[in-house]
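Chemist: Dropping the structure in here first, questions after.
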Amino acid sequence: MNDHNTPLASRIEETQEMLERFLNDCSDASMYHFRIGEQLSGMFVFFSGLTHEDRMDELRQEMAGWRFHPDNTTFQQQFQYKITGLCSEEISTLEEIIDHITTGSVILLVDGIDRGYAFSLAEWRKRAIEDPAAESVIRGPREGFTESMIDNRAMLRRRLRSQKLKMKGIEVGRITQSHITIAYIEGLAAPELVREVEDRIAMIDIDGVLESGTIEEYIEDQPYSPFPQLLSTERPDAAAAGLLEGRVVILTDNTPMALIAPVSLFSLLQSPEDYYERFLIATAIRWLRYSFFFIALLVPSGYVALLTYHHEMIPSALLLSIAKSREAIPFPALMEAFMMETMFEALREAGVRLPKQVGAAVSIVGALVIGQAATSAGLVSSPMVMVVAITGIASFLLPHYSVGISIRLLRFPMMFLAGIFGLLGLLMGIIGITIHLCSLRSFGLPYLSPMAPMMVGEWTDVIMRPPAWLPRKRPRLTNSGGGLRNKSGMHVSKLHRKQE
């Protein structure tokens, strides 16, 4: 029989020997002996750092003061009567001890009793709830998910105070046994979508899961696509909004990043702040974001194509100015663009990896200094520096990092096609990306919905940010969804006058 499934011995010494063999070289495993009253001896088994040791000491002091009287029952029977209701669970095998102490519980073993008693005293150091660094907003909640699953679930539950909010738990990882929570709203999320998410996660067979990115790679529909097929966020309000639309939220223990499925390209281009600002302002900013999405992808390759093959399309005054600035440049436009884009991306990554106090200064000052030095040395032209700067700023407007990095990656093959074939190559690249986006699915949801396939009734929340008081339908996800989010369809002031 495997040692894990060995029943506990009635004598503490025998159980301790089994535990010491199994927990060999585990220096953080603690076994603390103490007296229970004057007649019994007990032992706490726990991992240091995972347990609230002050509460454990209070429990020990309480049991040390217990009194047992000689009568028709044994001291062990009297103890079992007293302990009833204090412990969270009785355990009988070595495997159960290990399962409990690795999650922060304390196991009590008593001499003469062939079972243990688990106490839920888990407590470990964790990061305080803070403003999400990567998804900051001007107006909106200032709290983000943390590495604690308990805190993350509580933040969702606090926003959605309904028994319809369901949270299913599952463990992934043969060694880490990481806790995964699948959250959805019963009646809004399609049952087949929930089952699909559960089935995909249950099929993951891996040693360990340390971050939600591992889960994302395993369950996304098209792993070779540069575009994200799940939305990662550390904002509880964004996760709650996704749940209200019938989506599924996946929480992973020990990481602040939650996954939302399914998603479309247009939902990835929306910011939580769009729904906190007034709808006219939010609509204008959304249009600006859409425009700069295309600028970030197409401007460098368009500049290379025009400069290399299509001089006639550039106004004469501008063409003369560009020609003058490129008079001493030894590289063709394609090579110049590759050099500058690569340097810009390197500076941006350096700014991210460096300490926060110096990261921003290095990325901004470095770009200015290198750009000015390269222009003065005659390696690149001033218009190219402007093009790279504009596309860099455009990529910063994208609200989610995963979308921004995809566009930054696609800029390079687009520049290559434009440098070889001109505007024909640029058109080929656009057609290729469009075909790829049309073929993508996120848990059955077309990636370009509601534009392709056409769902005219759902265009409102794509083209503009409609007023909150207008009737709006929930997005249709995997043949489900729909239904009105609000039913009045009238501003409160008008509704009040109507009632009067």
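The values are calculated or read from the model by the stated rules, or taken from the named source; none is laboratory data. Since this is a predicted model, take the numbers as computed values, not measurements. Reconstructed Cβ throughout: ideal geometry from the backbone, glycine too, with neighbour counts over all protein chains shown. Quick note on the areas: whole protein, heavy atoms, side chains included, nothing else; ligands and nucleic acids left out. Shrake-Rupley method; radii C 1.70, N 1.55, O 1.52, S 1.80 Å.
Chemist: Identify, among Val248, Ile260, Pro332, the residue whose Cα sits farthest towards the positive end of the charge dipole of the chain, taking +1 on the Cβ of Lys and Arg and -1 on the Cβ of Asp and Glu, with the dipole about the Cα centre.
Modeler: The residue sitting farthest along the positive end of the dipole is Pro332.
Chemist: Please report the relative contact order for region 12-119, taking Cα pairs under 8 Å with a sequence separation of at least 6, and give it as a percent rounded to a whole number. Kindly include the intermediate steps, with their values, before the conclusion.
Modeler: Details: 144 pairs, mean separation 32.2, N = 108.
Over region 12-119, the number comes to 30 percent.
Chemist: Just the accessible area per residue of region 149-263, please: how many Å² with a 1.4 Å probe?
Modeler: Value for region 149-263: 43 Å² per residue.
Chemist: Using all Cα-Cα distances in the chain, what percent lands in each 20 angstrom bin from 0 up to the longest?
Modeler: Final binned percentages: 18, 39, 28, 12, 2, 0.
Chemist: To the nearest 20 debye, what is the magnitude of the charge dipole of region 201-247 about its Cα centre, counting +1 on the Cβ of each Lys and Arg and -1 on the Cβ of each Asp and Glu?
Modeler: 200 debye
Chemist: Can you tell me the 0 to 90 degree angle between the C-alpha axis of helix 356-376 and the longest principal axis of the chain, rounded to 10?
Modeler: With rounding to tens, the tilt is 20 degrees.
Chemist: Take the alpha carbon atoms of region 149-263, find their radius of gyration, then divide it by 2.2 N^0.38 Å using N residues; give the quotient. If you can, show how the numbers build up before the last one.
Modeler: Details: Rg = 13.2 Å, N = 115, 2.2 N^0.38 = 13.4 Å.
In units of the globular-protein estimate, region 149-263 measures up at 0.99.
Chemist: Moving on to the next point. Where the centre of each part is set by its Cα atoms, how far does region 270-343 sit from region 114-140, in angstrom?
Modeler: After rounding, the separation between the Cα centres reads 43 Å.
Chemist: To the nearest whole percent, what portion of all C-alpha pairs in region 12-119 is separated by more than 17 angstrom?
Modeler: 51 percent
Chemist: Taking the Cα centre of region 12-119 as origin, work out the dipole magnitude from +1 charges on Lys and Arg Cβ and -1 charges on Asp and Glu Cβ, in debye rounded to 20.
Modeler: Working: 7 positive and 20 negative charges, 77 e Å.
Using Cβ point charges on Lys, Arg, Asp and Glu, region 12-119 gives about 380 debye.
Chemist: Which percent of the accessible area of region 287-446 is formed by carbon and sulfur heavy atoms (probe 1.4 angstrom)?
Modeler: 78 percent
Chemist: How high is the relative contact order of the chain, in percent, counting Cα pairs under 8 Å that sit 6 or more residues apart?
Modeler: Reported relative contact order: 13 percent.
Chemist: Under the Kirkwood approximation for Rh and a Cα-based Rg, what ratio Rg/Rh is obtained for region 287-446?
Modeler: 1.00
Chemist: Continuing with the same structure: Ordering Tyr184, Tyr81 by accessible area with a probe of 1.4 Å, largest first, what comes out?
Modeler: Numbers: Tyr184 30, Tyr81 185 Å².
The ranking, largest first, comes out as Tyr81, Tyr184.
Chemist: How far is the Cα center of region 201-229 from the Cα center of region 415-473, in Å?
Modeler: Distance between centres, Cα-based: 24 Å.
Chemist: If the only charges are +1 at each Lys and Arg Cβ and -1 at each Asp and Glu Cβ, what is the size of the charge dipole of the chain around the Cα centre, to the nearest 20 debye?
Modeler: Around 3080 debye, computed over the chain.
Chemist: Under the Kirkwood approximation applied to all pairs of distinct alpha-carbon atoms, what is the hydrodynamic radius of region 222-333 in Å?
Modeler: About 17.9 Å for region 222-333.
Chemist: At 1.4 Å probe size, with no ligands or nucleic acids counted, give the accessible surface of Asp28 in Å², nearest ten.
Modeler: Accessible surface of Asp28 is approximately 70 Å².
Chemist: Taking the Cα atoms only, what angle lies between the long axis of helix 333-353 and the longest principal axis of the chain, rounded to 10 degrees?
Modeler: Approximately 30 degrees, to the nearest ten.
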